[in-house]
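These notes concern the structure reproduced below.
The values are calculated or read from the model by the stated rules, or taken from the named source; none is laboratory data. In this text, all values refer to a predicted model and were calculated from it rather than measured experimentally. Here the Cβ positions follow ideal geometry from the backbone for every residue, glycine too, while neighbour counts run over all protein chains shown. Ligands, DNA and RNA are excluded from the accessible area calculation, which covers all protein heavy atoms including side chains. Shrake-Rupley method; radii C 1.70, N 1.55, O 1.52, S 1.80 Å.
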Amino acid sequence: MKVLIFILSYNAERHIRSVFDDIPDTYRNNPDVEILLIDDASKDATVDVARAHINQIGLTNARVMKNAHNQGYGGNQKVGYTYAIRQGFDVVVMLHGDNQYTPKALPELLTPFETDLQVGCVLGVRFGRRYSPLRGGMPLYKYVGNRILTTLQNRLAGVQLSEWHTGYRAYSTRALSTLGFALNTNDFHFDTEILLQLVQNRIKIVEINVPTHYGGEICHVNGMRYAKNVMKGTFKFFLQKYHLFYDVRFHPEVVYENWAGEGGAGGYEQKLDSCSPHSLVCRDPDLIPEGSEVLDIGCSSGYVGRELHRRRNCRVTGVDVLPPYEVTAELERYAQIDLEKEEHRLISLIEDGDFDAILMLDVVEHLSQPERLLLRLSSIPYGRTPRFVFSTGNVGFFVVRLMLLLGHFNYGQRGILDVTHRRLFSAHTFRSLMEQTGFLVRRQIYIPFPFQALGFSGRLAKFLESVNMALIRLRPRLFAYQMLLETVPLVTPAAVLDETVKSQAEATPAGAASPKN
């Protein structure tokens, strides 16, 4: 296992010798270990003292670097972790130049990586034993503050860590390469943000008890500002679970083309919970009658088609941008079509088919110019007029309005403000869109918030949905989370004129004068 012992320092002239002295012999002059000190543009003689001491004690696997400009506590870590990944190390362990975290505990910190390949991070925590930090000299206000912050952060992040605020950490470079740590803050709450990224990626975190030591080191952290930043970052992470906030730090695939993580942008999850448009279409026979020929535009993996085939013996044709191997074989047919670039192919598919129903569930909001496509769909000369079923999120939902009132407009990974949405609609503007592009709205259904999809228990979710439905009956445009419209395309003026001309020609006796053009 190749290990990088990364020492980050700032004005640590008085303590840097002891850091090197306390590194166990097994890591000294070891060909599989490099000791790297990156000084963050210190104003004292930290670098000179470190280099002289390395020569004095005969360390051949140590290296000293100095940033030309101060990067900050988080920024300096970014430099070290980037070096570890670039140089092909398996594990990087962070030490502080003030020797607050003893290098003597390095064997305990590195052992989990040797015994379990799934470990992505090991934390050297000081709170594994009760009151141990106080006995090690931690000030009481820091002890209490650490306990409060850690408790709140555990609740918000859904984990049970003994301590969020230890600076004694080791990471596998495999885990680091899946994180967007370069997007994190350069400030002291970098440690919180990288832990949240680990939690987001479900990377295994192990805790090891280490002794607490407070000596004569100078603290550069503004405690109140640090606590504010920590809680702000953790709360934003919490809001992401409810699709009320989008933070690119937790979606590195957006920035890094060669991102090594899993998941990426990915496809959408199945929306067959109790109150989604997709489940409603599958349950309501008035929307999709028995044995219908159905075209599902934006079918994803084909799960709605599978349900319609199983429940109502429908024959479903699917359309999406996914490659065919990602779509269920239970569809009657599948066409890989980009609605933005290959609109003509969709129109040809509809003209050649004889569909009873055409679904566009949660699709319109992903189009940059939905009006153009809808006008084309409504003007097709149908032999048998199909019903169209559309759905979208309600940007007038009271939660979004409340956020705007508080001065926030934040995209999310999913939901109404999905970061991939190009257009947003209220209940009024969505209906107007359909009417203005040639569709007659026969029925409008309002849909409550999907509580069950967010992890609420079945019974509680049903109760909350019933409350939401009661509020929808009072103020649908305010309390509806989504809208579903059942529509039919109107006969276009051009089609009416053609029909009129045809009927008049048939009614005109032979030899009679025809109307002048």
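Restricting the calculation to Cα atoms, the stretch 36-160 yields a radius of gyration followed by a Dmax of 17.3, 49 Å.
DSSP assigns beta bridges within the chain; of those with both partners inside it, close to 35 percent run antiparallel. Computed on the Cα atoms alone, the convex hull of the chain gives a volume of 204 cubic angstrom per residue. Listed by chain and number, the aspartates and glutamates whose alpha-carbon sits under 19 Å from that of Lys228, ignoring those within fewer than 8 places in the same chain, are Glu163, Asp187, Asp191, Glu193, Asp247.
Between Gly412 and Leu417, Asp418, Val419, the built amide H atoms are under 5 Å apart, and every one of these is 5 or more places off in sequence or on another chain. Of all aspartates and glutamates in the structure, the ones whose alpha carbon falls short of 13 Å from that of Lys341, not counting any fewer than 8 places away in one chain, are Asp320. Each residue of the stretch 459-469 is assigned a 3J(HN,Hα), and the resulting list reads 5, 5, 4, 5, 5, 5, 5, 5, 5, 4, 5 Hz, derived from the Karplus form 6.51 cos²θ - 1.76 cosθ + 1.60 (θ = phi - 60°), x at Gly and Pro.
Partner aspartates and glutamates whose Cα lies under 18 Å from the Cα of Lys43, excluding those fewer than 8 positions away in the same chain, are identified as Glu13, Asp98, Glu217. Expressed as a whole percent, the proportion of Cα-Cα pairs in the stretch 276-399 lying more than 26 Å apart is 17%.
Using the Karplus relation 6.51 cos²θ - 1.76 cosθ + 1.60 with θ = phi - 60°, the per-residue 3J(HN,Hα) values for the stretch 306-313 come to 4, 5, 5, 5, 6, 8, 10, 6 Hz, with x marking Gly and Pro. The accessible surface of the chain, taken with every protein chain in place and a 1.4 Å probe, is 52 percent carbon and sulfur.
Here the 3J(HN,Hα) profile of the stretch 90-107, calculated from phi with Karplus coefficients 6.51, -1.76 and 1.60 at θ = phi - 60°, is 7, 9, 10, 10, 9, 10, 9, x, 8, 6, 5, 10, 5, x, 4, 8, 4, x Hz, Gly and Pro shown as x. The longest part of the chain holding none of the exposed loop chymotrypsin sites (Phe, Trp or Tyr not before Pro), meaning those outside H, G, I, E and B in DSSP with at most 11 other Cβ atoms within 10 Å, is 132-408. Sorted largest first, the principal axis extents computed over the alpha-carbon atoms of the stretch 376-497 equal 54, 33, 26 Å. Rolling a 1.4 angstrom probe over the protein heavy atoms with all chains in place gives the chain an accessible area of 49 Å² per residue.
Under 5 Å between amide hydrogens, built in the peptide plane, is the criterion, and for Asp296 it picks out Thr317, Gly318, Val319, Leu359 among residues at least 5 positions away or on other chains.
Overall, the chain carries a charge dipole of about 1720 debye about its Cα centre when +1 sits on the Cβ of Lys and Arg and -1 on the Cβ of Asp and Glu, all other atoms neutral.
Looking at this model, which pairs from Lys104/Lys142; Lys142/Lys232; Lys2/Lys204 are more than 22 angstrom apart at the alpha-carbon?
As for pairs spanning more than 22 Å Cα to Cα, those are Lys104/Lys142.
Close amide H pairs (under 5 Å, H built 1.01 Å from N) link Asn70 with no residue at least 5 positions away or on another chain.
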